[in-house]
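Worksheet: the structure to be examined is printed underneath.
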Amino acid sequence: MHAPFTAPNTPTLCRACLSTWADGIARSGRAEDPCPACHKPTLRSHPELFDLAIAHVDCDAFYASVEKRDNPSLRDKPVLIGGSSPRAVVTTACYVARHFGPRSAMPMFKALRLCPDAVVIKPDMAKYRAVSVEIRALMAELTPMVEPVSLDEAYLDLTLGVRTCPGKPAALLLAEFAQAVRRKIGISVSIGLAPNKALAKLASDLDKPRGFAVIGRHEARGLLRGMAVSKIHGIGPQTARRLEQRGITTIGQLQDLDVGELHELFGRSAERLARLVVGEDHRPVAPERVTKSVSAETTFQIDRSDQRDLIEALRGLSERVAERLLQKNLAGHTVVIKLKTSDFQLLSRHARLSQPTRDAEVMIRAAARLVEREADGRTFRLVGIGVTDLRHTDEAAQPDLFGGPASLYVKASR
Ligand code: TTP
Ligand code: MG
């Protein structure tokens with residue numbers, strides 16, 4: 001458990017009722033001190049609480065939490081996600097199961113020996129991906145500075161570009177975000193707040209599940225001292241073993257080495273390591289590269305000339321485009337079709353919609369009008385469809401997002 005700060009003037013936040021006290025409140029210092037406003041034991045205090053803005057968000061027992069959400073009778077049961085073959089491993093152990101010893105990456109037979117009553121569920125990756133997309137959409141409401149790491153974790157930089165509520169401290173936005181994920185998506189996340197990515201990642205793991213932990217600039221060095229070397233970004237199991245052979249197991253021991261000794265151990269990485277072991281990390285939160293267009297295309301086995309055949313081919317492709325737009329939280333304002341004639345002449349035609357869309361039906365209607373003009377008897381070997389002029393989906397036509405009335409294109413051109 002992350003130890004609370006006791007000084008009476010320590011900035012404080014209640015994760016339940018979201019009250020904040022920039023100048024702190026009188027506290028006994030016990031973790032279960034109730035919030036003066038809502039009386040729940042959900043206070044977080046830290047001297048740098050309202051000054052820090054780099055967060056790492058990690059879902060708790062992700063796959064298992066999604067399965068429990070979808071089957072509430074599993075809520076208090078030990079649940080293991082993974083295959084059931086003799087060689088299967090556990091991909092996720094819920095926190096009830098972890099109590100008996102099972103962990104991710106453990107052989108399933110071993111986990112079941114430790115916890116024979118566990119319910120084993122096969123992973124449903126499509127479902128977890130869809131939940132991940134929903135979580136990202138909530139993150140995107142806070143800031144465009146989101147760097148996804150895997151399906152269930154991401155870094156957020158809340159220093160700049162706070163969209164909804166400029167002036168609100170990152171800690172408060174993150175507490176609100178954790179509540180929104182719970183309310184709208186039905187699973188819990190743990191949050192680490194720190195001055196940089198490496199410390200934020202460590203923090204999100206300190207207080208799991210439903211965690212909210214802060215590591216400040218001033219305590220980082222001391223806090224890291226007692227931690228295992230494997231907690232350092234880039235020190236994997238192999239390096240950890242190599243260090244152990246030299247009697248080095250804690251980060252503190254690495255802090256005490258001089259530059260020459262670090263060079264001997266880590267070569268060119270020594271300087272980066274020297275910074276990381278004292279809690280310094282200059283890596284920026286790097287959002288995914290900006291996508292300029294999303295498209296899909298296909299080459300026919302036999303060239304086609306019939307208008308309906310061409311549109312039919314585009315229909316399947318538009319579904320793929322729609323799915324990718326959904327994953328990326330994007331919508332396009334302009335529909336583009338691509339046609340390659342049998343004699344390799346490449347045509348591109350586009351139609352601007354009255355509003356951005358990510359709906360396959362809207363795309364295909366616009367595309368059909370464009371195809372009608374080109375299908376004049378020529379045969380085509382390739383067709384493609386895509387959208388450009390991309391917008392974030394919060395700017396996209398709402399009816400489109402839910403398959404409602406289609407927007408019409410307003411201008412078609414070559
Ligand atoms: P983690 O975030 O490492 O684990 P977790 O979310 O299950 O549990 P917690 O964060 O609360 O400790 O990984 C996220 C998901 O990634 C996990 O639910 C399943 C998948 N995963 C694997 O498939 N194989 C693995 O070895 C690990 C560690 C995770
Ligand atoms: Mg996780």
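Can you go through 247, 216, 222 and tell me which one is modelled with pLDDT of 95 or more, in contact with a His (Cβ under 8 Å, 6 or more places away or on another chain) and more than 21 Å from residue 148 (Cα to Cα)?
Numbers: 247 fails: in contact with a His (Cβ under 8 Å, 6 or more places away or on another chain); 222 fails: in contact with a His (Cβ under 8 Å, 6 or more places away or on another chain).
The conditions single out 216.
Among the strands (runs of 3 or more DSSP E) contained in the range 33-142, which hold 1 or more residues that are away from ligand 2 (no atom under 16 Å from the Cβ)?
Numbers: elements: 43-45, 54-59, 79-82, 90-93, 119-121.
In the range 33-142, 43-45, 54-59, 119-121 are the strands (runs of 3 or more DSSP E) which contain 1 or more residues that are away from ligand 2 (no atom under 16 Å from the Cβ).
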ask   = Is there any pair linking a residue in the range 273-289 that is assigned to a loop (DSSP other than H, G, I, E, B) to one that is among the hydroxyl-bearing types (Ser, Thr, Tyr) and surrounded by 17 or more Cβ atoms within 10 Å (Cβ to Cβ), with Cβ under 8 Å and at least six apart or on different chains, and which?
value = 285/155
query = Restricting attention to the range 209-230, does a residue exist that is closer than 23 Å to residue 58 by Cα, within 16 Å of ligand 2 (Cβ to nearest atom) and surrounded by fewer than 18 Cβ atoms within 10 Å (Cβ to Cβ)?
reply = yes
ask   = From the list 331, 274, 296, which residue is surrounded by 17 or more Cβ atoms within 10 Å (Cβ to Cβ), within 31 Å of the chain's Cα centre (by Cα) and either under 22 Å from residue 222 (Cβ atoms) or charged (D, E, K, R) (or both)?
value = 274
message = Just checking, does the range 78-95 include any residue being more than 11 Å from ligand 1 (Cβ to nearest atom) and touching a residue at least 60 places away in the same chain (Cβ under 8 Å)?
response = no
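Does the range 257-268 hold any residues that are among the acidic types (Asp, Glu) and either surrounded by 12 or more Cβ atoms within 10 Å (Cβ to Cβ) or part of a helix (DSSP H, G or I) (or both), and which are they? Working first, answer last.
First pass over the range 257-268, keeping only residues among the acidic types (Asp, Glu): 258, 261, 264.
Listed by number, the residues that qualify are 261, 264.
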inquiry  = Among the numbered criteria (1) exposed (fewer than 14 other Cβ atoms within 10 Å of the Cβ); (2) farther than 26 Å from residue 151 by Cβ; (3) under 33 Å from the mean Cα position of the chain (by Cα), which one does residue 363 miss?
reply    = (1)
key: Residue within the range 7-27 that is away from ligand 1 (no atom under 15 Å from the Cβ), charged (D, E, K, R) and closer than 19 Å to residue 206 by Cβ present   = yes
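Residues are listed down the side, and each one gets a yes or a no for (1) within 14 Å of ligand 1 (Cβ to nearest atom); (2) among the hydrophobic types (A, V, I, L, M, F, W, C); (3) modelled with pLDDT under 95:
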site	(1), (2), (3)
29	no, no, yes
34	no, no, yes
38	no, yes, no
44	no, no, yes
51	no, no, yes
58	yes, no, no
key: Selected residue (only one of 44, 27 is among the basic types (Lys, Arg) and in contact with a His (Cβ under 9 Å, 6 or more places away or on another chain))   = 44
inquiry  = Just the residues that are within 15 Å of ligand 1 (Cβ to nearest atom) and either part of a loop (DSSP other than H, G, I, E, B) or touching a residue at least 60 places away in the same chain (Cβ under 8 Å) (or both), please, taken from the range 150-163.
reply    = 151, 152, 153, 154, 155
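The values are calculated or read from the model by the stated rules, or taken from the named source; none is laboratory data. Please read these numbers as outputs of a predicted model, since none were measured by experiment. Neighbour counts are summed over all protein chains in view; Cβ atoms, including those assigned to glycine, are modelled from backbone coordinates with ideal geometry.
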